[in-house]
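Have a look at the structure below before the remarks.
The values are calculated or read from the model by the stated rules, or taken from the named source; none is laboratory data. The structure displayed is predicted, hence computed values, not measured ones. Here Cβ is always computed from backbone atoms with ideal geometry, including for glycine, and neighbour counts include all displayed protein chains.
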């Protein structure tokens, strides 16, 4: 009786387990592949999973047969063998290993070799280059041939994250400036980091590679279908690791050219306006936008900081101190110096590498005149430009 | 496999040497059983501490959005969970079993180096406290909390940025490393010098073999871990630049050294469980262990191969093509000795006369869960598909199968198996079985959803996640909390048995039990085998 119950429970658990894994195959698999690499990957993965699930259930079947039959309450007398005794048993022993050897080195090993070679071949027939720089906690993209450079950061608001506003459809998977790439072009992607390791990966492309500070890593994509593809940083990189998504818009060649022209025009306009004299309200407005997007992740709403980890800006000595000496040079560790050149060894990075002159001028002006700080002064973009 | 012709359990001997009582008995103890028990109690305590930390994490992950904690606390909890479970729970627990059992299994009177043994244990509690201190200090405004870079700390530039938590962790790792090395030396010396007459190496129980291999692995890799965290310490405070590219260092060097320790660590955790399982299976199948020598050879093969495959953890960090290929093919080779063991376990119960007491249930459960561990792991090093697995929740789901499904289930089985021997009383069989079924069901419902969302592309270590996968995260969170709650049954059962409830256990405890430890009364006297038994 007891045995029957046990059996029933085992079968019940297995049914549930089976249903769960079956669902894994259908409802949960890799995202629909759109590059040759991702297609290979999905194919290989499906094949492997078919193999390992079969192996698992064959072995489990043998185990269950034994559990059902070789039991004391069935009056089974225990055998005494401790190893294979005849040729038939030796064959039974050896067969699984021959099979495993073939699986490892032929069925899995050979396609894996070809996949690895093609994965590492980033240069052959590459049509264009995209430079990706990971930094805490946003991505910088650069198109060297076109001279385009921009920062891409999370668009989801803090209110959504903290449950004060309803979460949007693409919660945590949306950015202000997506990367735009043309379809059917082999794009060589160079990966760098400005601070710690990050990992740039888009599941639909079958690509994931770390950005290592001080070193260059590379990978490539050739997107077959226009669309919006979403990924996330895959290497724990500090506090806001969860909040640096990667969004790639794949578009046709014509649309890509349009986008390039538009981006170029934007950066020309920005460069021109860096030379004009800005009004304080405009700087404050722009500074607020950037603070909410970038600075807030460490320095927190209202510049309160996180005690012990990230310093407060409200009432900070640096923010409420001078930033230029009487000769118009940067004061070391002054407010503007800290924003432009960062503090080595901390998450406070040299923002002159990522921000435009306008951005830096705006953010410094904003911080000096917000959160109860009332320095009353301002920084002009042209000053920042001269100090670079 | 072995039969004792004389099992001298000398009760009267005890009376000659009174041993200290009260707290001093434990503080100054050089007795392998006392120290073994302390290790086990310490390990079990840390199991509940580490479990509680991760339940807080699962509670945060119950819904999208941040409800309970900021991402910084989240990262600290995840990191502490990993460090505690690996270094302060499973390693001390398995060391406790080796301390308690190995001398009894090989007919020795004690471990060879008893004072070293005492020292090895008493390093642990201060180390665990050091690890946890910075987490609590942050609430008093001191420092920025515990280490928060995941337990492998493999983002070295982030380690360099971190605050005092990292320094505390480095110190803790050193202390725990010293403890492990003393334990390993003790096992090796004991096994090579203290075996009873007639107890040849090829007659030793598999648990002793497994621990012998584990000890050699510890001696090989723990010094590397010590070196790498020391280099990190000097990079942090003394201006060296082993890992800082701007000074000519290489962040990947850190990963290589760390994983040179980290991958063998997987087998350091697993081997003791592989060693203890065959004894349980053979006892309840009433049949000798199948393929004893094949299993011993597998232990060595895995120990050696497992130390040469570390960089499969680094495929997405970018290593050269030749390196990718070598580490992939070498990793696949580990599957062969692993399959030998699974084959031997099944052959051990085949045509036996099985009964299904709690230890046997855990043993069989471990075979199945470890099977899943091996198979889901087989695909990960494959460079044709690694990009979709690496650093995703799939990996998190996968590695809990060997750690929890292999090592933890194995040692829960071992706890039930040896509890009557250690306490002299039978545990509550009904509660034991209930504990098994709840554990196995909730374990799978915790980790299978993780694998699913991982395959769909969700990275690991995320404090918050997109809406699409919230149902699966919810299932995982609820199951994890129930899994944690089920362990309270285990705790209750242990305490109840240790207090002397339950019927008296016989010397042999189980009908099919073999081995020298089952020739001793239950519980074994304070000193055992002061005259070595003769082994035929």
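Values as computed for the structure displayed
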{"read-out": "Per-region count, region A:144-170, residues assigned to a loop (DSSP other than H, G, I, E, B) and closer than 30 Å to residue A:260 by Cβ", "value": "11"}
{"read-out": "Odd one out for residue A:116, checked against (1) loosely packed, with under 15 Cβ neighbours inside 10 Å; (2) within 11 Å of chain B (Cβ to nearest Cβ); (3) in a helix (DSSP H, G or I)", "value": "(1)"}
{"read-out": "Test set (1) within 14 Å of residue A:187 (Cβ to Cβ); (2) away from chain B (no Cβ under 12 Å); (3) surrounded by fewer than 24 Cβ atoms within 10 Å (Cβ to Cβ) - residue A:250 fails condition number", "value": "(3)"}
{"read-out": "Residues that are assigned to a helix (DSSP H, G or I) and in contact with a helix residue (DSSP H, G or I) (Cβ under 8 Å, 6 or more places away or on another chain), drawn from region A:57-71", "value": "A:59, A:60, A:62, A:63, A:64, A:66, A:67, A:68"}
{"read-out": "Any hit, region A:298-306, residues being within 14 Å of chain B (Cβ to nearest Cβ), surrounded by 16 or more Cβ atoms within 10 Å (Cβ to Cβ), part of a helix (DSSP H, G or I) and modelled with pLDDT of 85 or more", "value": "yes"}
{"read-out": "Answer from B:343, B:356 - the residue that is within 7 Å of another protein chain (Cβ to nearest Cβ), over 20 Å from the mean Cα position of the chain (by Cα), assigned to a helix (DSSP H, G or I) and in contact (Cβ under 8 Å) with a residue 12 or more places away in the chain", "value": "B:343"}
{"read-out": "Complete set of residues in region B:377-390 that are closer than 20 Å to residue A:54 by Cβ, in a helix (DSSP H, G or I) and at the interface with another protein chain (Cβ under 7 Å from one of its Cβ atoms)", "value": "B:378"}
{"read-out": "Single residue of region A:45-61 satisfying the filter (crowded, with 16+ Cβ neighbours inside 10 Å and without any contact (Cβ under 8 Å) to a residue 40 or more places away in the chain) that is nearest to the chain's Cα centre (by Cα)", "value": "A:45"}
{"read-out": "Residue match in region B:261-281 (condition: in contact with a helix residue (DSSP H, G or I) (Cβ under 7 Å, 6 or more places away or on another chain), facing another protein chain (nearest Cβ under 10 Å) and under 29 Å from residue B:159 (Cβ atoms))", "value": "no"}
{"read-out": "Index of the failed condition, residue B:68 passing every other in (1) within 14 Å of chain A (Cβ to nearest Cβ); (2) over 17 Å from the mean Cα position of the chain (by Cα); (3) assigned to a helix (DSSP H, G or I)", "value": "(3)"}
{"read-out": "Subset of region B:146-174 [closer than 20 Å to residue B:126 by Cα and over 26 Å from the mean Cα position of the chain (by Cα)]", "value": "B:164"}
{"read-out": "Given (1) assigned to a helix (DSSP H, G or I); (2) touching a helix residue (DSSP H, G or I) at 6+ places or on another chain (Cβ under 6 Å), number of the condition residue B:364 does not satisfy", "value": "(2)"}
{"read-out": "Residue B:330 vs. criteria more than 10 Å from chain A (Cβ to nearest Cβ) and within 30 Å of residue A:198 (Cβ to Cβ)", "value": "yes"}
{"read-out": "Top-ranked residue of region A:166-193 - restricted to ones that are more than 30 Å from residue A:40 (Cβ to Cβ) and more than 10 Å from chain B (Cβ to nearest Cβ), ranked as surrounded by the most Cβ atoms within 10 Å (Cβ to Cβ)", "value": "A:177"}
{"read-out": "Residue match in region B:420-430 (condition: part of a helix (DSSP H, G or I) and within 14 Å of chain A (Cβ to nearest Cβ))", "value": "yes"}
{"read-out": "Single residue of region A:202-233 satisfying the filter (within 25 Å of residue A:171 (Cβ to Cβ) and outside any strand (DSSP E or B)) that is nearest to the other protein chains (Cβ to nearest Cβ)", "value": "A:203"}
{"read-out": "Residue within region A:239-261 that is without any contact (Cβ under 8 Å) to a residue 40 or more places away in the chain, touching a helix residue (DSSP H, G or I) at 6+ places or on another chain (Cβ under 9 Å) and not assigned by TED's automatic domain parsing to the domain that holds residue A:43 present", "value": "no"}
{"read-out": "Search result, residues across region B:454-474 that are part of a helix (DSSP H, G or I) and at the interface with another protein chain (Cβ under 7 Å from one of its Cβ atoms)", "value": "B:455, B:467"}
{"read-out": "Per-region count, region B:227-243, residues buried (at least 19 other Cβ atoms within 10 Å of the Cβ) and touching a residue at least 40 places away in the same chain (Cβ under 8 Å)", "value": "4"}
{"read-out": "Per-region count, region A:193-221, residues over 23 Å from residue B:149 (Cα atoms) and touching a strand residue (DSSP E or B) at 6+ places or on another chain (Cβ under 7 Å)", "value": "8"}
{"read-out": "So residue A:196, is it farther than 24 Å from residue A:239 by Cβ and at the interface with chain B (Cβ under 7 Å from one of its Cβ atoms)", "value": "no"}
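One line per residue, one yes/no per condition, for (1) more than 18 Å from the chain's Cα centre (by Cα); (2) under 17 Å from residue B:119 (Cα atoms); (3) in a helix (DSSP H, G or I):
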site	(1), (2), (3)
B:190	yes, yes, yes
B:197	yes, no, no
B:208	no, no, yes
B:211	no, no, yes
B:216	no, no, yes
B:220	no, no, yes
